[in-house]
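K.L.:
This is the structure, below, for whatever I ask next.
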Amino acid sequence: MITCEQLALLYEEYALGVLEGKEREELEAHLARACPKCTPGVAKARWVVVQLTATAPDAQPPEPLRSKIMDAARASTTPARTAVLREKPKPSTQGAMFPAWAWIAAAALALVTGYTIRQMNNQNEQLAQLRKQMKLATIQNQALQNQLDMDRMVAMVMMSPDSTPLKLMPKDKNMPMVHAYLHPHMGVAITADQMPSMPSARTLQLWFVPKTGKPLSVAIFHPDATGQIALVAPVTMPRNEIAALAVTEEPAGGSPQPTTPIAWMAQVN
Amino acid sequence: MERILQRDSGALEALYDRYGRPVYSLVLRIAQHPSSAEEIVQDVFLQLWRSADRFQITRGPLEPWLFTMARNRALDFLRLKREKQRRREDSDSDILPSAIVRPDPEGDIDRSRRAEQVRALMTSLPEAQRRAIELAFFEGMSHSEIAAAMGEALGTVKSWIRGGLLRLRESLGETSS
C-alpha cells in the first residue's frame, strides 16, 4: 500500500503519462475513490505538466479554423425546446345549479358526521404520507448520487492521458454519433447526445469485437429522458485484441450475441 | 464555462481567441502534420462545447483540461500514424511547412512570463535530461521507451524525468505563490 505522501512525488509523472506498473495502479485507485489529497494533487500536476507546452514552437493556426469551429459548434447546438402552451381550465358552470345555502348545509353535515373518524385517521395518514415522501426522496437522492458518480467516472476516463477516444459512426445518417473513450484499466466510457428515445422492450448493447472470435457483450444501456448517454463499463478484453467497438439494438435485458445489424461502430486497431 | 453551458457561442469564440494559438502550437509540435493538427484542435474545442456539463463535474481548472485533452488527441494521432507506418512501411510525404509566427498582442502577461520561466528552466537542464522530458511530453513515450530510444538505463531515465518535473513543480510553485 503506497501512501498519499509517497504518491505525491509521482503526480507529475502520472500527468505526463510515463508512470507505469504498481505505482500507476495505486495512484489510479486513489483517484477512483476521489482521494482528497491525490485528486487535487494530480489536477495541480496536470497544470504543471501542460506548462511544457511553452517549449513548443509558436505557430499560428490557419485563419479558417476559427470559423470552422464556430460553425460546427452552432450546428451542434440543440434547438430550443418549444414551450408547451397549456389551456387554462374552463370555469365550472356546476355552481349555478344549486343555491349557495344548500352547499353550505351539505358541507356542514358532512363535516359533523365525518369529523370523529377523520380526526382518528388524520395523523396516521399524515405519517404514512411523510414516510412515502421520505422514501421517494431517498430513492431520488440515491439516483442522483449514482448519476453524479457515473458522470464523475465518465469525466475521469475522458480526461485520462491513457484513454483512446473513438467515434462510433451511425449506420443511419439521421442518428447522432456515439463517443467512446477506451481506458486500459478504468474502463470504456460511452457518451452521446440527442439520442432518440427507445421503447422499454428494447435496449442498446455495446460489444467488443475481437480480431478473432465472437463479439463480447460489454454493457446494455438506454438514453436518458434528455437523450443523453453517459456510462463507464469495464474493459473485459486486452486492448490489443479489440478490433472494433459496436452497438446493436437488442431486446430488453440484452442478448448473448448480436441479433440485429450493427447500428454504430468504430475500429479500434 | 457558465456561458458555454448556456450555449453562448461568443464564449467559445473568446476561449478560442485565448487558447487557440497555444493549443494549435502544441498539437502541431506533436502531430507534425498541419491538416491533422487543425482537425485535432477543432475536435478538442468542439468536445469542450459538447461536454461542458461533464467538465463542470470535475470542477478542475479549464486550462490543464484543455491542454491535456489536446495533447492526448495529438499523441493518439501520432501513435496511430506510427502504427500505420510500421504496417505499411510507407514514407509519409506530408512535410511540415514552416509555421507562420506572428506577434501575439492579446497575450496574457502572466502566461507569457510563465512560458518564459518554463523555457528557461528547460534550457538550464542538461541536454539528456531535457531530451528525456521532451520525448515523454511531445512523443508520448513511456520510461522504458525513452530508455531504449536514448540507450540509457531505465533507472537513469526515471531519475532524470522525476528530477526535472519536480524542479518544474517547484519553479512554478514559487511563481504562483
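Read-outs throughout are calculated quantities, based only on the coordinates presented, and are distinct from any laboratory measurement. No experiment lies behind these values; they were computed from the predicted model shown. Note: ideal-geometry Cβ built from the backbone for every residue, glycine included; neighbour counts use all protein chains shown.
K.L.:
With a point put 7 Å past each Cα toward its Cβ, work out how far B:ARG7 is from A:ASN240 in nm, to one decimal.
P.N.:
Inter-label distance under the simple model: 4.6 nm.
K.L.:
Taking 60 Å as R0, compute the FRET efficiency from the Cβ-Cβ separation of B:ARG79 and A:ASN124 and round it to 0.05.
P.N.:
Result of the calculation: an efficiency of 0.35.
K.L.:
Could you tell me the extents of region A:121-234's C-alpha atoms along the three principal axes, largest first, rounded to whole Å?
P.N.:
67, 31, 27
K.L.:
Which value, in debye to the nearest 20, gives the size of the charge dipole of region B:1-51 about its Cα centre, when Lys and Arg are +1 and Asp and Glu are -1 at the Cβ?
P.N.:
Numbers: 6 positive and 7 negative charges, 24 e Å.
Dipole size: approximately 120 debye.
K.L.:
From the residues A:LEU10, A:GLN129, A:TRP101, which one has its Cα farthest along the dipole of the protein assembly as shown in the positive direction, the dipole being from +1 and -1 charges on Cβ of Lys/Arg and Asp/Glu about the Cα centre?
P.N.:
A:TRP101
K.L.:
Related question: Within 10 Å of each Cβ in B:22-28, how many Cβ atoms from other chains are there, averaged over the peptide? Spell out each step's value before the answer.
P.N.:
Details: counts 7, 2, 7, 9, 8, 4, 6.
The per-residue average across the peptide is 6.
K.L.:
Next question, about the same structure. What average count of beta carbons from other chains do you get within 10 Å of the Cβ of residues in A:7-20?
P.N.:
5
K.L.:
Continuing with this model, one more query. Averaged across B:62-72, how many Cβ atoms of other chains sit within 10 Å of each residue's Cβ atom?
P.N.:
Working: counts 0, 5, 12, 7, 1, 7, 9, 6, 2, 9, 10.
Per residue, the number of nearby Cβ atoms from other chains is 6 on average.
K.L.:
In the Gaussian network model of chain A, springs joining C-alpha atoms below 10 Å, which of A:ALA201, A:ALA105, A:ALA43 carries the largest mean-square fluctuation?
P.N.:
A:ALA105
K.L.:
Now a separate question. So for the pair A:ASN146, A:GLN133, with labels modelled 7 Å out along Cα→Cβ, what separation do we get in nm?
P.N.:
With each label placed 7 Å out from Cα toward Cβ, I get 2.5 nm.
K.L.:
Using the Cα centre of region A:145-269 as the reference point, and only Cβ charges (+1 on K/R, -1 on D/E), how large is the resulting charge dipole? Debye, rounded to the nearest 20. Intermediate results must be reported in sequence, preceding the final value.
P.N.:
Details: 8 positive and 9 negative charges, 69 e Å.
Computed about the Cα centre, the dipole is about 340 debye.
K.L.:
Let me ask you something else. Classify region A:184-258 as rounded, prolate or oblate, taking a ≥ b ≥ c as the square roots of the eigenvalues of its Cα gyration tensor: rounded when a/c is under 1.5, otherwise prolate if a/b is larger than b/c and oblate if not.
P.N.:
Values: a/c = 2.52, a/b = 1.51, b/c = 1.67.
It comes out oblate by the Cα gyration axes.
K.L.:
Follow-up. Could you give me the percent of Cα pairs per 10 Å distance bin for the protein assembly as shown, shortest bin first, beginning at zero and ending with the bin that holds the maximum distance?
P.N.:
With a bin width of 10 Å, the distribution comes to 4, 16, 25, 23, 13, 7, 5, 4, 2, 1, 0.
K.L.:
Further question: Please work out the FRET efficiency for the pair A:LEU9 and A:ILE220, using the Cβ-Cβ distance as r and a Förster radius of 56 Å; give the result to the nearest 0.05. Can you show the working numbers first?
P.N.:
Details: r = 42 Å, r/R0 = 0.75.
For A:LEU9 and A:ILE220, the calculated efficiency is 0.85.
K.L.:
Still on this structure, please answer the following. Output the lone cysteines of the protein assembly as shown: those with no second cysteine's C-beta under 4.7 Å from their C-beta.
P.N.:
Within the protein assembly as shown, the cysteines lacking a partner Cβ under 4.7 Å are A:CYS4.
K.L.:
Tilt of helix A:38-50 relative to the longest C-alpha principal axis of chain A, in degrees (0 to 90, nearest 10)?
P.N.:
Here the helix axis deviates by roughly 50 degrees.
K.L.:
Nothing charged except the Cβ atoms of Lys and Arg (+1) and of Asp and Glu (-1): what's the magnitude of the dipole of the protein assembly as shown about its Cα centre? Round to the nearest 20 debye. It would help to have the intermediate numbers written out before the result.
P.N.:
Working: 53 positive and 49 negative charges, 235 e Å.
Dipole size: approximately 1120 debye.
K.L.:
Could you list the residues of region A:34-52 with an amide nitrogen less than 17 Å from a label point located 7 Å from the Cα of A:MET1 in the Cα-to-C-beta direction?
P.N.:
Flagged as within label range: A:34-38.
K.L.:
Also, I was wondering about something else. Only Cα pairs within less than 10 Å get springs; with that Gaussian network setup on chain A, which residue of A:SER76, A:SER255, A:SER200 has the largest fluctuation?
P.N.:
Highest fluctuation of the listed residues: A:SER76.
K.L.:
Right, another one. Figure the gain on full extension for A:THR116 and A:CYS35 (residue separation times 0.36 nm, minus the Cα-Cα span) and round it to one decimal in nm. Let's see the in-between values first.
P.N.:
Numbers: separation 81, 0.36 × 81 = 29.16 nm, distance 5.83 nm.
Separation in residues times 0.36 nm, less the Cα-Cα distance, equals 23.3 nm.
K.L.:
Same structure, new question: Any chance you could give the angle, 0 to 90 degrees and rounded to 10, that helix A:21-32 forms with the longest Cα principal axis of chain A?
P.N.:
Around 20 degrees separate the two axes.
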